[in-house]
Amino acid sequence: MMRVGMLTSGGDCQALNATMRGVAKTLYNADPDTQIFGFEEGYRGLMYNDYILMKPNDFSGILTKGGTILGSSRQPFKLMRVPGENGFNKVEAMKATYRNLKLDCLVILGGNGTQKTANLLSEEGLNIVSLPKTIDNDIYGTDMTFGFQSAVDIATNAIDCIHTTAASHGRVFIVELMGHKVGWLTLHAGIAGGADIILLPEMPYNFDAVLMAVKQRNKAGKRFSILAVAEGAISQEDAQLSKKEYQKKKANSPFPSVSYELGKRIQDALGQEVRIVVPGHTQRGGSPDAYDRVVASRLGAAAGRMVLEGKYGCMAAFRNNEIVPVPLKEVAGKLKMVDPKSDIIREARDMGISFGNEL
């Protein structure tokens, strides 16, 4: 009889439940007596021994359910070694919970920070299998993360809905999408939604180039323009600043985000009405789409098989439409960035999409 722990950490997203379901069904099918301990609120539950002894019925009816039945919390990796209140040792507490429950393995679902802590626990001697969760699709070592496609669908729908009102009023609309460091979500939603200009963190923009793209549309008789802007998009001037200088500039800025600053500058330069739309956390909410349900089920099942076969210290990764184990040490601390020279960027340019750096 195997004793397996499971937790979801970091921001929630679609298909977390579907992925846990895939893991559980695989383990229960192999041995109905398997015990699964679900830790509440991510690593916090592991630290403080807060868990639920799950039953097979707990994993029924959750394939289409968004969020996470276990709850989640953010436990920054950089603070994992920093003592908590009264000298609380977080890492030792997690190890103690694992050992006191006599777990054979801990299955961890999460994004980049979660994967770093998963690797830390693996290096501390715990048997770990992890799964790639994030709407940003920025986890190194996997082609796809669950939650990404569902978020793309929501972001694309936001752009679709803006098209009619933008055309009716002849306005410039800026749709600000999630993605602080990486622009996969904005890139895919921008292309799928027919955005005219796409601004990504990996490709610092030149305001004059953005302005030129809007002017060219106006000159061609187009009454509106739509910009898909990642929340982490940055100008070429700001990209030259140190991290400290940039943070200070943002702290003193009268604008809540880059989109509002960009919108004000475009409106002042052209005299054309500009509106800002921020879908925000709707992008990580709701039910997973069909594609994510398949990806999540496959990843979950593969992770369950990895547990059964003792392939620990690895993340289940999606590569070339196959699921393969990738060592956590190769994943932790790395980001999968959008390559400005990639085919998808070139193809978007070929269709006339501006990335705000054409000058």
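The values are calculated or read from the model by the stated rules, or taken from the named source; none is laboratory data. None of these values were measured; they are calculated from a predicted model. Heads up, the Cβs are rebuilt from the backbone with ideal geometry, glycines too, and the neighbour counts pull from every protein chain shown. Just the protein is used for accessible areas: all its heavy atoms, side chains included, with ligands, DNA and RNA removed. Shrake-Rupley method; radii C 1.70, N 1.55, O 1.52, S 1.80 Å.
Restricted to segment 44-70, and to residues there that are part of a loop (DSSP other than H, G, I, E, B) and within 16 Å of ARG3 (Cβ to Cβ), the residue that is least open to solvent (accessible area, probe 1.4 Å) is MET54. Does MET212 count as closer than 19 Å to GLY356 by Cβ, touching a Leu at 6+ places or on another chain (Cβ under 8 Å) and open to solvent by 50 Å² or more (accessible area, probe 1.4 Å)? It is true that MET212 is closer than 19 Å to GLY356 by Cβ, touching a Leu at 6+ places or on another chain (Cβ under 8 Å) and open to solvent by 50 Å² or more (accessible area, probe 1.4 Å). Residues that are modelled with pLDDT of 95 or more and touching a helix residue (DSSP H, G or I) at 6+ places or on another chain (Cβ under 7 Å) do occur in segment 156-166, at least one of them. You will find that of LEU308, LEU335, the residue that is under 19 Å from HIS180 (Cα atoms) and either over 22 Å from the mean Cα position of the chain (by Cα) or open to solvent by 10 Å² or more (accessible area, probe 1.4 Å) (or both) is LEU335 and no other. Scanning segment 1-32 for residues being hydroxyl-bearing (Ser, Thr, Tyr), within 21 Å of the chain's Cα centre (by Cα) and not in a loop (DSSP other than H, G, I, E, B) gives a total of 2. The helices (runs of 4 or more DSSP H) found wholly in segment 86-177 and carrying at least 1 residues that are surrounded by fewer than 24 Cβ atoms within 10 Å (Cβ to Cβ), of a type in the set (Lys, Arg) and without any contact (Cβ under 8 Å) to a residue 12 or more places away in the chain occupy 90-100. Taking the conditions (1) farther than 28 Å from GLN283 by Cα; (2) surrounded by fewer than 20 Cβ atoms within 10 Å (Cβ to Cβ); (3) hydroxyl-bearing (Ser, Thr, Tyr) in turn, SER73 satisfies each one other than (1).
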